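Participant: Let me give you the structure first, and then I'll get to my questions.
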Amino acid sequence: MEISKQNYLNNLNESQKEAITHLDGPILIVAGAGSGKTRVLTSRVAHLIKEKKAWPNQILCVTFTNKAAREMQNRVAGFLKEKQNSIPWLGTFHSVSAKLLRRHADAVGLNSRFTIIDQEDQLRLIKNICKSENIDVKKVSPQLILSLINQWKNKGLLPKDVTIKKGLPLERAILNVYKIYQERLQILNSCDFGDLILHCVTMFENNSDILEMYSKNFKYILVDEYQDSNHIQSKWLNLLSKKNNNICCVGDDDQSIYSWRGAEIENFLNFSKIYKNTKIIKLEQNYRSTQNILSAASELISKNNGRVGKKLWTDGKDGELIKLTCYKNGKDEATGISDIVEQKLKKKYSLNNISILVRAIFQTREFEERFLKIGMGYRVVGGTKFYERAEIKDSIAYLRIVNQKNDDLAFERIINVPRRSIGDSSIKQLHDWARKNKKSLEDSALELLQLNKIKPKTKIGLSNILNQFNKWRSDLKEKKHYELMEIILDESGYSKMLKDKKDLESEGRLENLKELIRGMRDFDNLQSFLEHVALATSIDQDWKGEKINLMTMHAAKGLEFDVVFLPGWEEGLFPHQKSLEEKGDLALEEERRLAYVGLTRAKKESFISFTMNRMYRGDWIESLSSRFIDELPEKNVEKQETNEKNNDDFFFNQDIDYNEGIRSPGWARLKKKIIKRIK
């Protein structure tokens with residue numbers, strides 16, 4: 001196998017060269033943000049082939065995303081003269097596992113034509129099991145059951161391996177569902193994503209000949225983003241690498257931000273304990289950001305205890321100081337940031353290279369409102385624009401039908417959300433009656449009920465919701481439109497529906513609904529708010545020209561921009577109070593890593609901001625700047641002038657006992673003094 005004339009060792013620093021040329025034995029490459037890890041990984045593959053250490057099919061490269069796998073595949077193919085079908089085994093943990101299982105499906109009780117089911121099919125199967133086991137899915141949501149099953153699978157636990165402590169009847173019931181669920185998958189000749197890796201590990205442990213074949217074949221194993229691996233993935237790698245012990249894992253412990261997906265940073269931190277005689281190489285030279293950004297990020301992350309340790313540097317310019325600004329409230333923050341972009345940054349940078357990174361997705365609303373107002377193009381990366389989110393559209397549909405009873409589109413959207421036993425056949429019956437008699441769906445429903453033409457089970461749900469429509473219309477005469485929204489979400493069962501699911505996605509949707517209610521306060525009445533929403537959602541979604549980027553810090557990992565804005569650095573929001581309450585110091589370290597990720601996305605300029613007040617559950621609450629601001633080195637930060645008086649104390653050295661806040665409920669570190677009640 002020959003390597004193309006392109007010299008892959010050109011223009012590399014000494015640490016990169018060492019990471020590429022040190023081939024034998026276990027190696028951990030601690031690759032800082034922007035340090036060229038992908039180039040190192042692909043060049044290492046080329047070097048293995050050039051040095052005749054292995055044939056391509058004896059090299060296994062594992063990534064976490066299909067996008068990363070494709071990028072590596074293209075780069076490796078560029079080094080080889082041969083066509084892509086002669087490149088190494090390269091793919092995600094799941095895709096490589098699927099390939100292995102297809103070859104040896106009978107070892108885990110499947111045949112090679114097994115089906116890989118998606119989340120929708122998983123939930124459908126769980127619902128069917130719950131029904132047969134007399135489990136009320138209104139009390140125990142299928143999403144919660146699936147989440148716990150996935151947690152067990154990530155830990156490598158089959159039903160027989162799970163131990164439930166006394167006094168946990170719910171978990172015991174879910175374990176029974178898990179057992180039946182796995183049995184059903186076996187009968188259906190199917191597996192889910194979690195099974196792909198778990199079945200492989202089971203196959204290796206129970207079939208020494210199969211393990212011997214692959215562990216002998218894979219002379220060299222390379223793993224990208226190792227800090228994001230979970231228990232079962234680590235075990236999978238350990239089994240495959242035992243024979244040759246040539247495993248190279250690349251990652252950054254300071255960018256481990258996915259514990260909520262099951263990632264275990266301990267895999268990275270304990271690598272040298274798991275693999276004896278490990279060579280650790282640190283890639284600390286950064287090719288992305290200015291020195292001021294890197295110094296601030298390095299100082300911040302140094303406060304974490306759970307890390308291998310490194311310090312980023314660049315031979316480039318010091319660059320601009322990080323700008324730190326305190327705003328009066330969230331609306332002023334959005335206005336201030338948009339003004340900076342309009343008046344200063346647009347002259348130097350493309351909007352495509354400017355990004356606003358938020359801790360929680362609900363924060364995008366105020367920025368979206370501002371950009372719509374001034375006509376600035378924007379995109380929500382890795383998410384949906386605020387007024388297009390399902391829970392927002394559902395809520396607005398309720399308001400539309402209360403406002404105007406002939407709004408059939410709104411009626412149809414929410415008539416069975418949450419479920420009220422009003423199925424497709426009943427809705428078709430309403431449509432047929434409406435067309436025949438030239439009436440609205442609501443009027444048609446009333447007539448069909450009066451004529452007793454609705455099925456008994458449907459009749460109860462339909463009667464109840466129609467009565468609620470009338471009640472809410474009466475409520476609107478006496479209450480504010482945003483108060484009505486709270487009433488509707490409560491009395492319709494919509495909020496309860498989301499709360500019962502008890503998963504991260506539903507929690508995010510509940511936050512979005514709170515943000516919707518906050519936003520409604522900016523409008524005089526329901527009519528003006530609905531008109532605003534209609535205009536906002538009817539604007540051409542494909543803005544011509546450049547667009548500023550809006551996304552969460554989690555979604556930004558792996559991306560880079562000339563300019564990054566980091567709004568909402570306040571205690572309770574960032575670090576997020578709920579995370580601290582659930583996991584304490586471990587969560588605090590992960591939140592700090594998230595701050596590090598946010599800072600190191602910026603190549604040239606970075607702006608951090610926080611507000612003096614945030615709207616929380618309908619009240620203006622005085623907020624405290626994030627502890628992470630105190631941890632930034634003052635020499636790398638420039639405090640921006642504001643129009644507010646006596647704000648200087650908000651910036652540094654607040655002398656706050658943050659530990660006391662961790663033990664308190666809610667946004668404990670937000671002062672409990674209500675500044676004012678919105679009229």
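The values are calculated or read from the model by the stated rules, or taken from the named source; none is laboratory data. Keep in mind the model is a prediction, meaning the values are calculated, not measured. Quick reminder, even Gly has a Cβ in these numbers, built from the backbone with ideal geometry, and neighbours come from all protein chains shown. What goes into the accessible areas is simple: the full protein's heavy atoms, side chains included, and nothing from ligands, DNA or RNA. Shrake-Rupley method; radii C 1.70, N 1.55, O 1.52, S 1.80 Å.
Participant: If I ask for residues that are assigned to a helix (DSSP H, G or I) and modelled with pLDDT of 90 or more, which ones from the stretch 15-38 would you list?
Facilitator: Hits for the stretch 15-38 are Ser15, Gln16, Lys17, Glu18, Ala19, Ile20, Thr21, Lys37.
Participant: Just the residues that are within 17 Å of Cys200 (Cβ to Cβ), surrounded by fewer than 17 Cβ atoms within 10 Å (Cβ to Cβ) and within 24 Å of the chain's Cα centre (by Cα), please, taken from the stretch 102-158.
Facilitator: Result: Ile116, Lys155.
Participant: Right, next: Which members of the stretch 415-471 meet the condition of being basic (Lys, Arg) and over 17 Å from Tyr398 (Cβ atoms)?
Facilitator: If the condition is that a residue be basic (Lys, Arg) and over 17 Å from Tyr398 (Cβ atoms), then Lys428, Arg435, Lys436, Lys438, Lys439, Lys453, Lys455, Lys457, Lys459 are the ones that fit.
Participant: Now a separate question. Quick one: is Leu399 within 30 Å of Leu448 (Cα to Cα), open to solvent by less than 40 Å² (accessible area, probe 1.4 Å) and in a helix (DSSP H, G or I)?
Facilitator: For Leu399, the condition - within 30 Å of Leu448 (Cα to Cα), open to solvent by less than 40 Å² (accessible area, probe 1.4 Å) and in a helix (DSSP H, G or I) - is met.
Participant: Being open to solvent by less than 30 Å² (accessible area, probe 1.4 Å), out of contact with any Asp or Glu (no Cβ under 6 Å at 6 or more places or on another chain) and within 17 Å of Arg614 (Cβ to Cβ) narrows it down to one residue among Phe371, Phe367, Phe362; which is it?
Facilitator: Residue meeting the stated conditions: Phe367.
Participant: Here is a further query. Which of the residues belonging to the stretch 349-384 are without any contact (Cβ under 8 Å) to a residue 40 or more places away in the chain and not polar (S, T, N, Q)?
Facilitator: Arg370, Lys373, Ile374, Gly375 - these are the residues of the stretch 349-384 that are without any contact (Cβ under 8 Å) to a residue 40 or more places away in the chain and not polar (S, T, N, Q).
Participant: Would a scan of the stretch 45-65 turn up a residue that is among the basic types (Lys, Arg), part of a helix (DSSP H, G or I) and surrounded by 20 or more Cβ atoms within 10 Å (Cβ to Cβ)?
Facilitator: no
Participant: Let me ask another. Quick one: Thr458 ticks every box in (1) among the polar types (S, T, N, Q); (2) in contact (Cβ under 8 Å) with a residue 24 or more places away in the chain; (3) surrounded by fewer than 20 Cβ atoms within 10 Å (Cβ to Cβ) bar one, so which box is it?
Facilitator: Failed condition: (3).
Participant: From the residues in the stretch 338-359 that are among the small types (Gly, Ala, Ser) and outside any helix (DSSP H, G or I), which one is most open to solvent (accessible area, probe 1.4 Å)?
Facilitator: Taking the candidates together, the pick is Ser350.
Participant: Filter the stretch 129-183 down to the residues that are touching a helix residue (DSSP H, G or I) at 6+ places or on another chain (Cβ under 8 Å), among the β-branched types (Val, Ile, Thr) and over 22 Å from Glu507 (Cβ atoms) and list them by number.
Facilitator: Ile129, Ile135, Val162, Ile164, Val177, Ile180, listed by residue number.
Participant: So Arg420 clears everything in (1) within 20 Å of Ala390 (Cα to Cα); (2) open to solvent by 50 Å² or more (accessible area, probe 1.4 Å); (3) charged (D, E, K, R); (4) outside any helix (DSSP H, G or I) except one condition, right? Which one?
Facilitator: Unmet for Arg420, out of (1) within 20 Å of Ala390 (Cα to Cα); (2) open to solvent by 50 Å² or more (accessible area, probe 1.4 Å); (3) charged (D, E, K, R); (4) outside any helix (DSSP H, G or I): (2).
Participant: Condition first: at pLDDT 90 or above and farther than 12 Å from Arg365 by Cβ. Now tell me which residues in the stretch 505-520 satisfy that.
Facilitator: Arg509, Leu510, listed by residue number.
Participant: Let me ask another. Which members of the stretch 362-386 meet the condition of being at pLDDT below 90 and of a type in the set (Ser, Thr, Tyr)?
Facilitator: Thr384
Participant: Sticking with this one: Based on what the data block shows, is Leu489 in a helix (DSSP H, G or I), at pLDDT 95 or above and either open to solvent by 80 Å² or more (accessible area, probe 1.4 Å) or not charged (D, E, K, R) (or both)?
Facilitator: So Leu489 passes the test.
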